[in-house]
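Colleague: This structure is in structure tokens; I'll ask about it shortly.
The numbers here are math on the coordinates, done by the rules we state, and not lab data. On a predicted model such as this, the values are computed, not experimentally measured, just so you know. Virtual Cβ from ideal backbone geometry, glycine too; neighbours counted across all protein chains shown.
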Amino acid sequence: MARTPKPLVAGNWKMNGLKRDLAEVRKLVTWLGKNKCRSDVMICPPATLIVEMSAAAKGTPVRVGAQHCHAHVSGAHTGDISAEMLKGAGARAVIAGHSERRADHGETNADVSAQAGAIHRAGLVAIVCIGETEREFKDGKTLRIVSAQLKGSLPPSANVKNTIIAYEPVWAIGTGLTPTPDDVAKVHGHIRKRLIAELGEPNGQAMRILYGGSVKSDNAAELMSVANVNGALVGGASLKAKDFIGILAAYV
Ligand code: PGA
């Protein structure tokens, strides 16, 4: 029988968080100590907090990730950070190709693929984001877009251990809007088929596919129960431990 991937709930703090906000991670750790959660748990803070958050999370179930990296190991790239540097700071994973990076920084599928390759080179897990815009959704192009992004954004080094897919409809991010469970099932089922075609049966079946976009405590249980949804990538609702715990409750 095909292996069902262990779910992951990952918080993406985006450009939010100062030292004092590490208190939220401590609250999360306390809650995880008292509750049996069936999912893995990760927070991706801004790069400035990775060292301290990793120290605060040491020996706990909380993993720390990063939000972006440059494709090169080092060099004349002012303001950029390499996957190796993020690993040294304590990150276990790096998000690649978030739609905000694709939109704000013009990142293409080829850029995302190079970053994901760099993340693998450093021995970290790449969380590769894909998802259609509102226009594409309305025009019925979702599956086509997602297929093209998947094909273009996954480097040859991608395997079931080092890569996680996050499907995030751009129009659902930060808007309070979510696709229906049926729509989510359709897209995740499609991604699963594409992964099996690319990686073969056991690996394509076992790669985690997260859903992201306005996941909150009141919709998490429904979204997380959809077929082929193996967890969530959470933005706004990951900033406060109370809200994030409300989402983790879907796995308790
Ligand atoms: P949101 O963001 O949960 O605030 O909609 C999700 C994301 O961008 O990963």
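Colleague: List the residues, sorted by chain then number, that are 5 or more residues from GLY212 or on another chain and whose placed amide H is less than 5 Å from its amide H.
Modeller: Counting only residues 5 or more places away or on other chains, the set is TYR167, GLU168, LEU233.
Colleague: Okay, next question. Can you tell me which of GLY140, GLY11, GLY235 moves the most in a GNM of the chain? Springs connect C-alpha atoms under 10 Å apart.
Modeller: GLY140
Colleague: Rounded, prolate or oblate, given the Cα gyration tensor of the chain, with a/c below 1.5 counting as rounded?
Modeller: Values: a/c = 1.42, a/b = 1.09, b/c = 1.29.
Because its axes are fairly even, with a/c under 1.5, the chain counts as rounded.
Colleague: Here's another thing I want to ask about it. Which order results if HIS188, HIS98, HIS70 are arranged by neighbouring Cβ count within 10 Å, fewest first?
Modeller: Details: HIS188 21, HIS98 27, HIS70 18.
Ascending Cβ contact count within 10 Å gives the list HIS70, HIS188, HIS98.
Colleague: Also, I was wondering about something else. So, in region 86-231, how many Lys pairs have Cα atoms under 20 Å apart, if the pair is 8 or more places apart or on different chains?
Modeller: Lysine pairs meeting both conditions in region 86-231 amount to 9.
Colleague: Here's a follow-up. In which sequence would MET15, MET85, MET224, MET53 go, from the one with the fewest C-beta neighbours within 10 Å to the one with the most? Show your work: numbers first, answer last.
Modeller: Working: MET15 7, MET85 18, MET224 21, MET53 27.
Exposure proxy ranking, most exposed first: MET15, MET85, MET224, MET53.
Colleague: Taking Cα pairs under 8 Å and at least six residues apart, what relative contact order does region 1-129 come out at, in percent? Before the final figure, lay out each step's value.
Modeller: Working: 205 pairs, mean separation 27.4, N = 129.
With pairs under 8 Å counted, the relative contact order is 21 percent.
Colleague: Let me ask something else about it. Which of the three applies to region 1-88, rounded, prolate or oblate, going by the alpha-carbon gyration tensor with a ≥ b ≥ c and a/c under 1.5 meaning rounded?
Modeller: Details: a/c = 2.57, a/b = 1.41, b/c = 1.82.
Oblate, since a/c reaches 1.5 and b/c is not below a/b.
Colleague: Which lysines, if any, have their Cα less than 19 Å from the Cα of LYS19, not counting same-chain residues under 8 positions apart?
Modeller: Within the straight-line cut-off, LYS19 pairs with LYS27, LYS58, LYS240, LYS242.
Colleague: Let me ask something else about it. In sequence order, what are the phi-derived ³J(HN,Hα) couplings for region 141-155 according to the Karplus relation 6.51 cos²θ - 1.76 cosθ + 1.60 with θ = phi - 60°, rounded to whole Hz, with x for glycine and proline?
Modeller: In residue order, the calculated couplings are 9, 3, 5, 5, 5, 4, 4, 5, 5, 5, 4, x, 9, 8, x Hz.
Colleague: Moving to a separate point now. Rounded, prolate or oblate: which one fits region 168-252, using the alpha carbon gyration tensor with axes a ≥ b ≥ c (rounded when a/c is under 1.5, else prolate when a/b beats b/c, else oblate)? Spell out each step's value before the answer.
Modeller: On the way: a/c = 2.26, a/b = 1.75, b/c = 1.29.
The shape class here is prolate.
Colleague: Let me ask you something else. Using amide H atoms built 1.01 Å from N in the peptide plane, name the residues 5+ places from HIS68, or on other chains, whose amide H lies under 5 Å from its own.
Modeller: Distant-sequence amide H within range of HIS68: ILE95.
Colleague: Add +1 for every Lys or Arg and -1 for every Asp or Glu among the other residues with Cβ under 12 Å from the Cβ of LEU124, and state the total. Don't skip to the answer; put the middle values down first.
Modeller: Numbers: positive: ARG63, LYS87, ARG92, ARG121, LYS161; negative: GLU84.
Charge balance in the 12 Å sphere: +4.
Colleague: Using a 10 Å cut-off around each Cβ, can you sort ASP104, ASP21, ASP139 from fewest to most neighbouring Cβ atoms? Don't skip to the end; give the middle numbers.
Modeller: Numbers: ASP104 9, ASP21 17, ASP139 12.
Ordered from fewest to most neighbouring Cβ atoms within 10 Å, ASP104, ASP21, ASP139 come out as ASP104, ASP139, ASP21.
Colleague: Here's a follow-up. Looking at the chain, what % of its DSSP beta bridges pair antiparallel, to the nearest 5?
Modeller: Values: 0 of 29 bridges.
Of the beta bridges lying entirely in the chain, close to 0 percent run antiparallel.
Colleague: A follow-up question, please. What distance in nm separates the simple spin-label points at SER74 and LEU18, each placed 7 Å from Cα in the Cβ direction?
Modeller: 3.3
Colleague: What order, most packed first, do the peptides 28-37, 205-214 have when packing is the mean number of other Cβ atoms within 10 Å of each residue? Before the final figure, lay out each step's value.
Modeller: On the way: 28-37: 14.0, 205-214: 22.4.
Taking the mean over residues of other Cβ atoms within 10 Å, the ranking is 205-214, 28-37.
Colleague: Using the Karplus curve 6.51 cos²θ - 1.76 cosθ + 1.60 with θ = phi - 60°, what ³J(HN,Hα) values do you get for each residue of region 28-43, in whole Hz, with x for Gly and Pro?
Modeller: 3J(HN,Hα) across region 28-43, in whole Hz: 4, 4, 4, 4, 5, x, 9, 10, 8, 9, 7, 9, 6, 10, 9, 10.
Colleague: Something else about it: Divide by every residue of the chain the summed helix terms, -39500 (n - 2.57) for each DSSP H run of at least 4, and state the resulting mean residue ellipticity at 222 nm, rounded to the nearest 500 deg cm²/dmol. Mind dumping the intermediate values first?
Modeller: On the way: 11 runs with 105 residues, N = 252.
Helix-only estimate at 222 nm: -12000 deg cm²/dmol.
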